[in-house]
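Step one of this worksheet: look at the structure below.
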Amino acid sequence: MKILNFFYENPPKFELSFERKVQIPFGKNVLIKGAKHCGKRKLILNFLSNFKPEEILFLDLKDLRFEKDSLKNLKTFLKQNPQIKILCLYNLDFTPNLDFVSIPMILSTDKKNIVLPDFMELELDYPDFEEFISISKKNLPVNHLVGLFLQSGRSIFRENEVLRKNFTFLELEILKYLAINLGNQISTAKLFTTLKSKIKTSKDSVYQSIKDLENSFIIHSVFHDEKKLRKIYFRDFALKNALCIQKDFKHLFENLILNELFKLKQDFFYNKFFHFYSKTSKTAYISSPTLDIDLIKLRAKKILPKALELGIFHIFFITLSSEESFFEQGVKFEVLCFDKWALGF
């Protein structure tokens, strides 16, 4: 009871910050999922600023002063403090029993596999390009902001110290391998063989670490539409340059496009014709940062039969500077520079 009382009497500072596109609704039980350092805490504290401090019980489960066993006293504590109107459990890494709680709850986790019945799920991603512009508050031309975005990335995972603090040695080795092979088809068996030649590890450990990285919103798999193949990208494209010295702007830009596509909340697939396409919206995306219009039109004619076969009638070529729009046999091809495309949906 003392621990609960300590956190109740010493709440975090509830102050307004930059508003994200994802917003927490009032009066509902909400489970917020997202990667470490994606802004979950700021989102929650921004919402809690609508309440008086005495109306809030905010428990950070990863605070070194917190003890999990104290949750056994939560039911009694809430009864003794009826002025509490909202409960927040931050940094949740297990499924709690909260059936006795009658007030609205906000829970947050960086684990995809935590599921709570009767809770509304909100997924918070790292800031997209539009949010980056609002956060940076820099009065620069949009094309300069694209360059700044490419340098800055979407998260704080740019410095060695931060990376070492947040990932195990094995996870870092896996991430370095993925950075070097970004945009290529990934074989987990080959990844294990490569790592085994460098460090002492087991196949089970490598496979489990990959699952953990995916479950914690650090990496994202895109699967081939027909074969049992996949490519693995980063939830923050900037991890590519933070983890290896090999420069590969083509695949970095490809990862950047996928990061923007996350906000559509759709499953994307790939094949030799399209970098990403949605079976739901029948829309395809091709990363073409430096191709000129003539080469893009030539490529469009080559992929047209496959587009018609898959029922895809809208294809985007995402570039750094080129723009045009044209039709071929009922299929709309749009060539857009990244900033206009990213800010347009």
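The values are calculated or read from the model by the stated rules, or taken from the named source; none is laboratory data. In this text, all values refer to a predicted model and were calculated from it rather than measured experimentally. Here the Cβ positions follow ideal geometry from the backbone for every residue, glycine too, while neighbour counts run over all protein chains shown. Note: areas computed on protein heavy atoms with side chains; ligands, DNA, RNA excluded. Shrake-Rupley method; radii C 1.70, N 1.55, O 1.52, S 1.80 Å.
When the P(r) of region 148-200 is calculated, the portion above 18 Å amounts to 43% of the C-alpha pairs.
Comparing K28, K112, K165 in a Gaussian network model of the chain, where Cα atoms under 10 Å apart are tied by springs, the biggest mean-square fluctuation is seen for K165. When both bridge partners sit in region 256-318, DSSP labels roughly 50% of those beta bridges antiparallel. A Förster radius of 45 Å combined with the Cβ-Cβ distance from M1 to N113 puts the calculated FRET efficiency at roughly 0.90. Taking 7 Å steps out from each Cα toward its Cβ at S102 and N215 produces label points 3.6 nm apart. Mind giving me the FRET efficiency for Q23 and K72? R0 is 30 Å, r the Cβ-Cβ distance, nearest 0.05 is fine. Efficiency computed from Cβ-Cβ geometry: 0.35.
Diffusion coefficient (Stokes-Einstein, Kirkwood radius over C-alpha pairs, 25 °C, 0.890 mPa s) for region 41-108: 195 µm²/s, rounded to a whole number. Of the labelled options [x] 49, 20, 18; [y] 37, 21, 18; [z] 41, 24, 19, which one gives semi-axes √(5λ) of the Cα gyration tensor in Å as computed for this structure? Computed from the coordinates, semi-axes √(5λ) of the Cα gyration tensor in Å corresponds to [z].
Residues within the reach of a label modelled at D93 (point 7 angstrom out along Cα to beta-carbon, backbone nitrogen below 19 Å), restricted to region 181-218, are 205-218. Taking every protein chain into account, the accessible area of region 58-123 amounts to 56 square angstrom per residue (probe 1.4 Å). When the Cα gyration tensor is reduced to axis lengths a ≥ b ≥ c, the ratio a/c is 1.5 or higher for region 89-204, and with a/b not above b/c it is classed as oblate.
For the pair Q80/S281, report the inter-label distance in nm, with labels modelled 7 Å from Cα in the Cβ direction. Distance between label points: 5.2 nm.
Based on the alpha-carbon gyration tensor of region 203-345 and its eigenvalue square roots a ≥ b ≥ c, which shape applies: rounded if a/c is under 1.5, prolate if not and a/b is larger than b/c, or oblate? Prolate shape, in that a/c is at least 1.5 and a/b is the bigger ratio.
In the chain, the portion of solvent-accessible area held by carbon and sulfur atoms comes to 52 percent [1.4 Å probe, whole percent, DNA, RNA and ligands not counted]. Compared with the direct C-alpha span, the chain from H37 to D294 gains 88.3 nm at full extension, assuming 0.36 nm per residue.
Would you mind checking the pairs K72/K111; K200/K279; K36/K198; K196/K306; K137/K301; K279/K301 and listing those with alpha carbons more than 30 angstrom apart? The pairs that break the limit, which is 30 Å between Cα atoms, are K200/K279; K196/K306; K137/K301. Of all DSSP beta bridges located in the chain, what percent are antiparallel, nearest 5? Here the share of antiparallel DSSP bridges comes out near 35 percent. Taken about its Cα centre, the chain carries a charge dipole of about 760 debye when Lys and Arg each add +1 at the Cβ and Asp and Glu each add -1 at the Cβ.
Build a GNM of the chain with springs between Cα atoms under 10 Å apart, and of Q80, Q151, Q208 the one that fluctuates most is Q80. The simple Förster model, with R0 at 22 Å and r as the Cβ-Cβ distance, assigns L229 and D204 a FRET efficiency of 0.50.
Rg and Dmax of region 1-99, based on Cα coordinates, read 13.3, 37 Å. The overall shape of region 252-301, judged from the alpha-carbon gyration tensor, is oblate: a/c is not under 1.5, and a/b is no greater than b/c.
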